Amino acid sequence: MARGELPRNLHRAFRGLRRPQCERATQSLRGSLCPAAPRCLSTTAPRPAEIVESQENFTAAPPIDFEQQGKGFTGKRLLKTLRIVPASPSYFSAKPTFTDDYISLLALLRRNATLPTIPKAEAPKVIWKTIDQYRVMTNEPVRNMRYHNMLHLLRRLNCIHPGLMPQEVRDAMLRYKKPSQPGDIKANPAVIDELGRAKGVGRRKTSSATAWVIEGEGEVLINGKSITSFFGRLHDRESAVWALKATERLDKYNVWGLVSGGGVTGQAEALTLAVAKALMVHEPALKPALRRAGCVTRDPRKVERKKPGHVKSRKMPTWVKR
């Protein structure tokens, strides 16, 4: 190789640098090493950056002294500086009253969760307010599902043993009970009058009957007539005195009854209930036997009303094609 000549390998390397790929790589490398001039222009003279270490002193406002009469914090100026804080944290929710009630019941259940409980069947019977009554009381559009969740908490609190139930639980449940409860209304006990008569009232369908039962030989008068002349059917006669026949007391009591309304069968079955009630006044121990005979429970069945477009309550008119 002559002096001043480069080796063949270096010649090949210089030739490769002339390719476009290598030129792009070299340009990008030059741009990273030598940053480009900024595009924005400034007309002000350049100056070095100044580091200012200044911290402002922030001081909190002094507490308001309501008992202080001077220093300008009186009257209207004092009211302008006050901020009204709602009494309930649920004030800004859609249903603040319901939310407060639900949270209070939940907290009450947590505090008394360890108290002994009784089965739901043995718990005192309570009639809770309906959702419509609760909406009127709170004036809020409460949903059914949320009100059912609240009733679930109330039923759980109602299952606490009555002897160990705290007074705060009783007071809290009183807000959600209806004014009239099942145990509040009690029928006056029937008594035997000075003439030895016991009175009973019975109803069936649209018929009503009143019966007076007195110890005697088994005579029966209905509206001033004998039972055979008043009821033509044998089944109605047996229905009228079924309470005495089921307990084998046909020849021990006299019956005088007044019936009105409805038909003959309805009057006879109304008389059955009336005689059974009067008989239980004389002998309260006969109630289980009368219940087994079906003489104590009032039969609520009635004729269903006629509907428009129907022949009767359910019967439709005959369909004719043409």
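The values are calculated or read from the model by the stated rules, or taken from the named source; none is laboratory data. Here the structure is a predicted model, which means the values were calculated and not measured. Glycine gets a Cβ as well: all are built from the backbone with ideal geometry, and neighbour counts include every protein chain shown. All accessible areas refer to the heavy atoms of the entire protein, side chains included, with ligands and DNA or RNA removed. Shrake-Rupley method; radii C 1.70, N 1.55, O 1.52, S 1.80 Å.
Please work out if Gly196 is without any contact (Cβ under 8 Å) to a residue 24 or more places away in the chain, assigned to a loop (DSSP other than H, G, I, E, B) and on the phi > 0 side of the Ramachandran plot.
On the way: without any contact (Cβ under 8 Å) to a residue 24 or more places away in the chain: yes; assigned to a loop (DSSP other than H, G, I, E, B): yes; on the phi > 0 side of the Ramachandran plot: yes.
Yes: the conditions hold for Gly196.
Given the condition part of a loop (DSSP other than H, G, I, E, B), at pLDDT 90 or above and either in contact with a Lys or Arg (Cβ under 7 Å, 6 or more places away or on another chain) or not assigned by TED's automatic domain parsing to the domain that holds His152 (or both), answer yes or no: does some residue in segment 116-126 qualify?
Checking segment 116-126: at least one residue is part of a loop (DSSP other than H, G, I, E, B), at pLDDT 90 or above and either in contact with a Lys or Arg (Cβ under 7 Å, 6 or more places away or on another chain) or not assigned by TED's automatic domain parsing to the domain that holds His152 (or both).
Take the residues in segment 247-265 that are at pLDDT 95 or above and of a type in the set (A, V, I, L, M, F, W, C), then tell me which one is farthest from Arg197 (Cα to Cα).
Filtering first and then ranking leaves Val264.
Which of the residues belonging to segment 236-248 are outside any helix (DSSP H, G or I) and either within 10 Å of Val275 (Cβ to Cβ) or touching a helix residue (DSSP H, G or I) at 6+ places or on another chain (Cβ under 7 Å) (or both)?
Taking segment 236-248 as the starting set, the residues that turn out to be outside any helix (DSSP H, G or I) are 241, 247-248.
Once the filter is applied, which keeps residues that are outside any helix (DSSP H, G or I) and either within 10 Å of Val275 (Cβ to Cβ) or touching a helix residue (DSSP H, G or I) at 6+ places or on another chain (Cβ under 7 Å) (or both), segment 236-248 yields Val241, Thr247.
Could you grab the pairs with beta carbons closer than 7 Å, sequence gap of 6+ or different chains, first residue in segment 136-156 and closer than 27 Å to Ala113 by Cα, second one open to solvent by 80 Å² or more (accessible area, probe 1.4 Å) and assigned to a helix (DSSP H, G or I)?
So the pair list comes out as Val142/Arg135.
Looking at segment 213-235, can you tell me whether even one residue there is more than 20 Å from Leu258 (Cα to Cα), part of a loop (DSSP other than H, G, I, E, B) and free of Cβ contacts under 8 Å to residues at least 24 places away in the same chain? Before the answer, list the steps.
Step one: filter segment 213-235 for residues more than 20 Å from Leu258 (Cα to Cα), giving none.
No, segment 213-235 has no match at all.
Looking at Lys315, Lys302 in this structure, which one is under 25 Å from Ser207 (Cβ atoms), in contact (Cβ under 8 Å) with a residue 12 or more places away in the chain, outside the structural domain of Val259 (by TED's automatic domain parsing) and in a loop (DSSP other than H, G, I, E, B)?
Numbers: Lys315 fails: in contact (Cβ under 8 Å) with a residue 12 or more places away in the chain.
Going through Lys315, Lys302 in turn, just one is under 25 Å from Ser207 (Cβ atoms), in contact (Cβ under 8 Å) with a residue 12 or more places away in the chain, outside the structural domain of Val259 (by TED's automatic domain parsing) and in a loop (DSSP other than H, G, I, E, B): Lys302.
Within segment 180-233, can you find the residues that are in contact with a His (Cβ under 8 Å, 6 or more places away or on another chain) and surrounded by 18 or more Cβ atoms within 10 Å (Cβ to Cβ)? Even if it seems obvious, please write down each step before you answer.
Here is the first cut: in segment 180-233, the ones in contact with a His (Cβ under 8 Å, 6 or more places away or on another chain) are 192, 198, 213, 215.
Passing the criteria: Ala198, Val213.
Just the residues that are more than 13 Å from the chain's Cα centre (by Cα), more than 18 Å from Pro182 (Cβ to Cβ) and not hydroxyl-bearing (Ser, Thr, Tyr), please, taken from segment 120-140.
Val136, Met137, Asn139, Glu140
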